[in-house]
Every structure is written in structure tokens, then in C-alpha cells.
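The values are calculated or read from the model by the stated rules, or taken from the named source; none is laboratory data. Note that the coordinates shown come from a computational prediction; the quantities given were computed from them, not determined experimentally. Quick reminder, even Gly has a Cβ in these numbers, built from the backbone with ideal geometry, and neighbours come from all protein chains shown. When the accessible area is computed, the model is the full protein with side chains, heavy atoms only, and any ligands, DNA or RNA have been set aside. Shrake-Rupley method; radii C 1.70, N 1.55, O 1.52, S 1.80 Å.
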Amino acid sequence: AMADPDRGLSLTIARVVQRLQGSSLHSQLERQARGSPDLPPLHKPEIKLESLKEDIKDFLKTSGWEKKLQNAVYSELNVFPSPCHPAAPPEHIKEPLAYMRKAQGSWEKRILKSLNSMCTELSIPLAQKRPASEQKELLNKWNEMGTDEPDLSLFRPVYAPKDFLEVLMNLRNPNYENGEQPSFRNHLGLIQVPLKVKDISELKEDFSELGLNIGQLGIDDSAQVPPEFFENEHVRIGQKVLAEQDSAAAQQYVRQGCPTALRADLWALILNISNQPEDILYYEQLKSNVIQHDLLVDSLIYKDVKLTASNDDYYFVFEDYLYQVLLCFSRDTSVLEHFTYSSATPPKSYIQGKLGMEEYAVFYPPNGVIPFHGFSMYVAPLCFLYHEPSKLYQIFREMYVRFFFRLHSISSHPSGIVSLCLLFETLLQTHLPQLFYHLREIGAQPLRISFKWMVRAFSGYLATDQLLLLWDRILGYNSLEILAVLAAAVFAFRAVNLMEVTSLAAAEAVLADLSTLKVMPLLQIFLFATVT
């Protein structure tokens with residue numbers, strides 16, 4: 001809680017101003033203001049200071065810059081956490097609970113150990129310059145890297161979601177000895193940490209726009225409104241939102257779903273991505289870095305795409321885009337910024353022969369993110385919306401630093417994977433107790449099945465049109481909690497069949513194929529038609 005709300009506000013303003021000054025927006029604005037006929041040149045004697053302020057305000061309005069600045073501020077507020085107490089140390093902004101920070105730290109050590117032992121086993125360096133001939137070859141086949149079939153049999157993913165689940169199951173709050181957690185003693189799921197998660201009435205309030213009497217894209221037969229009437233009207237409003245170029249309005253709008261034809265532009269507006277010349281140039285620089293240097297993570301990325309997206313009926317056509325985006329992502333040092341509000345810390349590596357000497361430490365990979373099994377599925381669905389590589393890249397990077405990083409780090413954040421697991425288990429235990437106890441009794445703890453869906457934000461599990469409707473709502477609510485609600489809704493939907501199974505394998509079989517599910521009706525029924 002803020003001791004002094006005004007102090008909190010001024011801290012926030014100071015931070016946003018500082019971040020905007022460092023952004024490309026600042027230089028664009030300066031460029032345009034210098035050349036603007038509406039603003040008097042500043043070195044002229046006839047400038048009157050009292051009218052200058054008004055002139056600037058008018059210029060910002062008429063030139064469209066007022067909107068751009070508003071969107072940039074809105075974007076900052078959406079991404080960065082509100083500052084905690086002014087005296088709070090930086091690690092509290094990363095993660096307030098010490099035992100969570102500690103658990104994340106030891107998980108990172110394990111990942112790094114796994115990566116380093118792979119280096120040693122295969123005697124491959126973490127990074128090396130590519131010989132000129134190889135650089136030329138890579139440049140020539142940049143758009144068809146998928147045709148390459150290098151031998152990756154010796155490489156293995158650094159970790160898979162189920163390894164990560166084991167870690168989360170062993171999390172404990174040391175302040176509660178031997179499970180004496182007063183309000184928590186009756187939680188019978190796999191997650192044993194006492195975090196506060198929402199109950200169904202709070203979720204109903206948060207997701208009120210998904211209510212039964214509100215028009216939704218993704219619901220074919222709403223009794224209230226004939227769907228085609230709602231759709232036509234919704235498209236008209238969507239076009240207006242785009243014309244207005246207002247991020248906040250777009251975010252509110254997509255809570256009811258995006259019309260397919262407007263989705264790419266609406267998401268870009270919410271994420272404040274405009275693909276300026278400097279953004280395209282930046283992407284080209286990342287690409288040349290990929291061409292010049294060979295990183296061990298390149299092989300991990302390659303292998304991951306081959307194991308996941310290449311075998312997917314929806315996504316195999318995008319294989320080349322995935323290599324481009326993920327290889328550039330691994331080189332992108334601007335991604336390091338998100339570690340100020342992530343519980344994770346980028347791994348360090350030392351220049352050969354300088355182990356432990358801080359001045360020779362470099363972040364590895366340069367973006368600080370080690371990909372795991374399934375990572376490429378965060379990018380795959382975006383390939384349906386964006387076909388220009390630098391734009392696709394920026395959208396993915398923004399989705400990652402806003403949302404996806406939370407799905408593979410240990411934290412107490414409401415959108416973090418630990419809270420999502422707990423929310424999922426609590427919803428099931430509360431609203432489907434018989435099913436929950438039955439599955440638990442036969443050794444088929446529901447979270448063992450749903451964990452991989454949530455870690456991947458359901459990518460690769462739902463049909464693409466359904467996945468995009470789900471991601472609309474992640475953007476609209478600026479939250480990942482809907483993933484846990486959907487996971488619980490899927491169990492509710494298949495409850496009758498699940499009550500008959502007698503083993504984990506049989507339960508997994510009932511839930512093996514989610515590609516025919518319709519997301520919006522499932523969410524609506526679970527949230528608004530469940531008897532509480």
C-alpha cells in the first residue's frame with residue numbers, strides 16, 4: 001500500500017517521462033516539431049512564452065501527437081507495475097516474496113547447469129563467430145531455413161513444462177511449518193503455497209464483458225442478439241476505434257472479441273507497435289547479428305521448431321518465420337529491460353578463461369531468455385496475423401515482455417504461472433469437488449494434465465481461430481487469469497467422461513484433443529452459468 005498516494009503518482013510520472021525520453025518516439029517528435037510550419041521557430045525574437053504553451057498544445061492535437069503520446073503512456077502503465085513503497089528495494093519490484101525469489105534463483109541455476117553440461121558434452125561453445133562462407137550461406141537461405149536438416153539428435157531441450165511443474169509442486173512458504181497454513185489447509189491440489197486467488201464472483205466481476213447477455217465474437221447462437229446483427233455493428237465500432245488510434249479504447253473493445261479482418265491492427269494498437277523505419281532498421285541489425293554469430297541456443301530454437309510447430313497441422317507452413325523471429329529475439333538486448341519487473345534474472349556467462357570475473361561477464365543469450373520445449377508456440381499463432389517479419393517480430397517481443405515471460409518464471413504475480421495453477425485447482429476443487437476428488441484418488445491430479453496448456457497459453461492445443469479469440473481477451477483484460485478459467489472450464493465440459501476414468505493415462509486420453517472446443521461458450525457457461 002502506498003504511504004502517500006501523491007508520492008506514488010509523481011514517481012510513476014517521473015518513470016514514464018524518463019522511459020519516453022529514451023524511446024524512439026522522443027526523437028520522432030523532435031524531428032517533426034522542428035520541421036512543423038505550425039510551430040514558430042524557437043530562435044525567432046517574436047516568440048511569446050505565454051502563447052508558446054498553447055501553440056505546443058495545439059500542435060500536439062492537430063498533428064496527432066497527442067494520441068501517440070497518450071498511447072505510449074498507456075502502454076507504459078500497462079507493462080510496468082505500479083511502484084511499491086518509494087523505499088522498496090529493486091528486488092521487491094521483481095518479486096515481493098523472498099522465498100519465491102529464492103526458488104526462481106535455484107531454478108535458474110538448474111537451467112544453466114543443464115545448458116553448460118550440454119556444451120561440455122557436445123564440446124560446442126556457447127557462442128562463436130561464423131566463418132564467412134557460412135555467413136553467406138545463411139544469408140542466402142534466410143527465407144527458407146526450414147529446408148535445412150542439420151543433425152540435432154544430440155541436442156535436447158533444456159527443460160520441458162513437466163520439469164517445471166515438479167519445481168512448482170515443491171514450493172513451500174517457509175513461514176508455515178509442516179503445512180499449517182490456516183486458510184489453506186484444505187487445499188488438496190499440487191500447489192502448496194498460500195497465494196490469494198480470485199473466487200468465481202470476483203472473476204465474474206472482472207470478466208463482466210463475457211456475460212451471457214452481452215454480444216460476443218465466438219458465440220454463434222446468443223439468444224439475446226442475432227449474431228450477424230452484433231457482428232456488423234461490432235465491425236463498425238472496431239473501424240471507428242482504429243480510426244481514433246486510441247490504445248485504451250482498443251483494449252476495451254477487444255474484450256468482446258476482434259473481427260478477423262481488424263485483429264492484426266487492433267492488437268498492434270493495443271501493444272502500441274507502429275513499425276517505424278527505426279524499428280525496421282533495428283530488426284535488420286538483429287538479423288545481421290544472427291548471420292555473424294552462431295549461438296548454442298540457435299540449435300535449441302531449431303530443434304524446438306522441428307519438434308513442435310513443424311508437426312502442427314496449423315503452423316508447419318510458418319516454419320521459416322519462426323526461425324527468423326526466434327533467432328533475432330535471442331539477440332535482442334532490449335528484452336533485458338523486462339527483467340526489472342520479472343522475478344527472473346538473465347543468466348551470465350564468462351568470456352573464456354575469465355570465470356567469475358564480473359568485468360568479463362556477458363548475458364547469455366543476449367536477451368537473457370533460454371528457450372524451453374514449446375517456446376516457439378508463443379510465436380506461431382501470430383504468423384497468421386502478421387506477414388511482414390519486422391512487424392511480426394515486434395508484436396511477438398511485446399507479447400513476450402507483457403505476458404508470456406510470466407508463464408515460465410516463479411512469482412506471486414496474479415498472472416504468474418504459480419497463481420494460475422492455484423486458481424485452476426481452486427476453481428475445480430470448489431465447483432467440481434466430486435470430479436476433483438475422483439481424479440486425485442486415481443492419481444490423475446488435474447494440474448498434471450492442464451499445466452502444459454497454460455504454460456503455452458493454449459497455443460498448439462486449440463484450433464487457431466479459437467486461440468485468437470482467447471488471446472483477444474488476454475490483451476483486452478491485460479491478464480493471463482483467463483487461461484486458468486478456461487482450463488477449469490475444459491474439465492467441467494468433459495466432466496462426465498472424466499468421472500468414468502480410472503487412471504492418469506485414461507484421463508489424458510479424454511483431454512488429448514482440444515481442437516474442436518469453442519472457447520467463448522465454455523468460458524461463459526463456466527463463469528456465468530455455474531451454480532455457486
Notebook entry, point to check: If R0 is 41 Å, what FRET efficiency do you get for Gln292 and Ser153 from their C-beta distance, rounded to 0.05?
Noted result: 0.95
Notebook entry, point to check: Hey, which aspartates and glutamates would be in cross-link range of Lys109, C-alpha to C-alpha under 16 Å, not counting anything within fewer than 8 residues on its own chain?
Noted result: Asp163, Glu166
Item checked: Charge dipole magnitude, Cβ of K and R +1, D and E -1 - the chain, Cα centre, debye nearest 20 -> 1120
Item checked: Heavy-atom accessible area per residue - the range 367-466, 1.4 Å, Å² -> 23
Note to self: For the range 484-522 and the range 106-139, what is the centre-to-centre distance using only Cα atoms, to the nearest Å?
What the structure shows: 40
Note to self: What's the ranking of 405-412, 148-155 by average number of surrounding C-beta atoms within 10 Å, highest first?
What the structure shows: 405-412, 148-155
Check: Using only Cα atoms, what is the ratio of the radius of gyration of the range 260-335 to 2.2 N^0.38 Å?
Finding: 1.27
Note to self: List residues of the range 53-78, by number, whose backbone nitrogen lies under 19 Å from a label position 7 Å along Cα→C-beta of Asn478.
What the structure shows: 67-78
Margin query: Helix-only mean residue ellipticity at 222 nm, the chain, DSSP H runs n ≥ 4 weighted -39,500 (n - 2.57), per residue, nearest 500. What is it?
Written below: -16500 deg cm²/dmol
Checklist line | Highest average packing first - 129-140, 235-246, Cβ atoms within 10 Å | finding: 235-246, 129-140
Check: Using the per-residue mean of other Cβ atoms lying within 10 Å as a proxy for protection, in what order, highest first, do the peptides 477-484, 325-332, 273-280 fall?
Finding: 325-332, 477-484, 273-280
Notebook entry, point to check: From the square roots a ≥ b ≥ c of the eigenvalues of the alpha-carbon gyration tensor of the range 368-414, which class results: rounded (a/c under 1.5), prolate (a/b over b/c), or oblate?
Noted result: prolate
Item checked: Using θ = phi - 60° and Karplus 6.51 cos²θ - 1.76 cosθ + 1.60, couplings along the range 99-112 (whole Hz; Gly, Pro as x) -> 5, 5, 4, 5, 5, 4, x, 6, 5, 4, 4, 4, 4, 5
Notebook entry, point to check: Using θ = phi - 60° and the Karplus form 6.51 cos²θ - 1.76 cosθ + 1.60, what ³J(HN,Hα) does each residue of the range 298-314 get, whole Hz, x for Gly and Pro?
Noted result: 4, 5, 5, 5, 4, 5, 5, 4, 5, 7, 10, 4, 5, 9, 9, 4, 7
Next item on the list: Enumerate the residues in the range 238-273 having an amide nitrogen under 13 Å from the point lying 7 Å beyond the Cα of Lys67 toward its Cβ.
Entry: 239-250, 266, 269-270
Margin query: List the residues, sorted by chain then number, that are 5 or more residues from Lys348 or on another chain and whose placed amide H is less than 5 Å from its amide H.
Written below: Tyr364
Notebook entry, point to check: What number, in percent, do you get for the relative contact order of the chain if the mean sequence gap of Cα pairs under 8 Å and at least 6 apart is divided by its residue count?
Noted result: 19
Next item on the list: Of all alpha-carbon pairs in the chain, indicate the percentage at a distance above 46 angstrom.
Entry: 16
Notebook entry, point to check: Around Ala127, which amide H atoms from residues at least 5 apart in sequence, or from another chain, sit under 5 Å from its own amide H, with H modelled in the peptide plane?
Noted result: Leu296
